[in-house]
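I have placed the structure first, in the form of structure tokens, so that the comments after it can refer back to it.
The values are calculated or read from the model by the stated rules, or taken from the named source; none is laboratory data. Just so we're clear, the structure is a prediction, and the values are computed from it rather than from any experiment. Cβ placement follows ideal geometry from the backbone for every residue including glycine, while neighbour counts extend to all protein chains displayed. These accessible areas exclude ligands, DNA and RNA; they are computed on the full protein's heavy atoms, side chains included. Shrake-Rupley method; radii C 1.70, N 1.55, O 1.52, S 1.80 Å.
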Amino acid sequence: MVDPVDCETQVREVLDRMAEAALRSGRRPEDVRLLGVTKTHPVERILPVARTGLVWALGENRVQEAEGKIESWPEDLSIPWHLVGHLQRNKARKAVALFDVIHSVDSLRLAETLDRLALEFDKAPYDIMIEVNTSGEVSKHGVSPEEALVLLDGIFFSCGSLNPVGLMTVGPLCDDQVRIGRAFEVLRELKDRATREFGRPLPELSMGMSGDFELAIEEGSTIVRVGSAIFGARERRQ
């Protein structure tokens, strides 16, 4: 069993680092929220963290893994669940049923499917984010920055049940702080450009994980997706 005291200590340490990063960049600590990524961690490890009340929301990478956790989640502990991993269209129905927000919309076909399902499940307007590949790495999901503008235009035009609230990216998996920072800067600049072009607010920037969330905050992140720094090393899948 996870010690609740240790859980609170770990979360507070992350929150302190988040606050310091926000202040360094001239921002308010309360402008950045902590999303705890629960990938591979069982419910018994997640619950003590959620019960601290210090984590704004929980995030999962896979629909199937989230389903078992959410179904066994105690009714007396309400917390939003976000899908932060890649979403295939054949999993869209289950995703809309399970999650409050999807961070990883990367095609108009997927958006149109989510739009229809949001109406069907009476969840409109349904919050989504556009996943953008800002590093150019072929191993990463997401649209290019230019494609993101085209995708947003299509969603605003044809997906009335969706509410695009922002953009998401995954930083480069490297030790080059300049390269990582630039990837986050690209997303911030894209958000500003999209806001000007469409005349609609996109308040959220979902960027930064356990290894780079402080740099992401300094570049404008409003949501950091932190897993191992809170829950410990990922458990191996069976």
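For this structure, a couple of remarks:
- Filter on Lys69/Lys123; Lys39/Lys191; Lys39/Lys69; Lys39/Lys91 - keep pairs with C-alpha separation over 19 Å: Lys69/Lys123; Lys39/Lys191
- Residue of Glu65, Glu185, Glu214 that the Gaussian network model of the chain assigns the largest fluctuation, springs spanning Cα pairs under 10 Å: Glu65
- Label-to-label distance, nm, for residues given as Asp100 and Ala124 (7 Å Cα→Cβ offset): 2.2 nm
- The 3J(HN,Hα) values that the Karplus relation (6.51, -1.76, 1.60; θ = phi - 60°) gives for the stretch 125-132 are, in residue order, x, 9, 6, 9, 10, 9, 7, 10 Hz. Gly and Pro appear as x.
- Ranked order, Glu67, Glu60, Glu204 - accessible area, probe 1.4 Å, largest first: Glu67, Glu204, Glu60
- Calculated P(r) tail over 21 Å for the stretch 56-130, as whole % of Cα pairs: 20 percent
- Cα-Cα pairs of the stretch 110-184 separated by more than 21 Å (percent): 36 percent
- Among Arg33, Arg12, Arg188, the largest mean-square fluctuation in a Gaussian network model of the chain, built with springs joining Cα atoms closer than 10 Å, belongs to Arg12.
- Counted over the chain, the DSSP beta bridges are approximately 0% antiparallel.
- Added length on full extension, which subtracts the Cα-Cα distance from 0.36 nm per residue, Lys91 to Arg196: 34.5 nm
- Based on protein heavy atoms only, the stretch 1-130 ends up with 49 Å² per residue of surface accessible to a 1.4 Å probe.
- Computed over the chain with a Gaussian network model linking Cα atoms closer than 10 Å, the most mobile of Pro201, Pro164, Pro145 is Pro201.
- For the stretch 157-238, the per residue solvent-accessible surface stands at 48 Å², with DNA, RNA and ligands left out and a 1.4 Å probe.
- Selection of trypsin sites (Lys or Arg not before Pro), the stretch 198-238, meeting DSSP coil and at most 15 other Cβ within 10 Å: Arg234, Arg236, Arg237
- Per-selection Rg to Rh, the stretch 135-238 - Cα, Kirkwood hydrodynamic radius: 1.01
- Semi-axis lengths (Å, descending) of the ellipsoid that matches the C-alpha gyration tensor of the stretch 64-204: 26, 19, 13
- The gain in end-to-end length when the Glu13 to Ser158 segment is fully stretched comes to 47.9 nm, 0.36 nm per residue minus the alpha carbon separation.
- Per residue Cα convex hull volume in Å³ - calculated over the stretch 1-98: 111 Å³
- Apolar share of the accessible surface for the chain: 48 percent from carbon plus sulfur atoms, 1.4 Å probe.
- The convex hull around the C-alpha trace of the chain, projected and averaged over every direction, spans 12.9 square nanometres.
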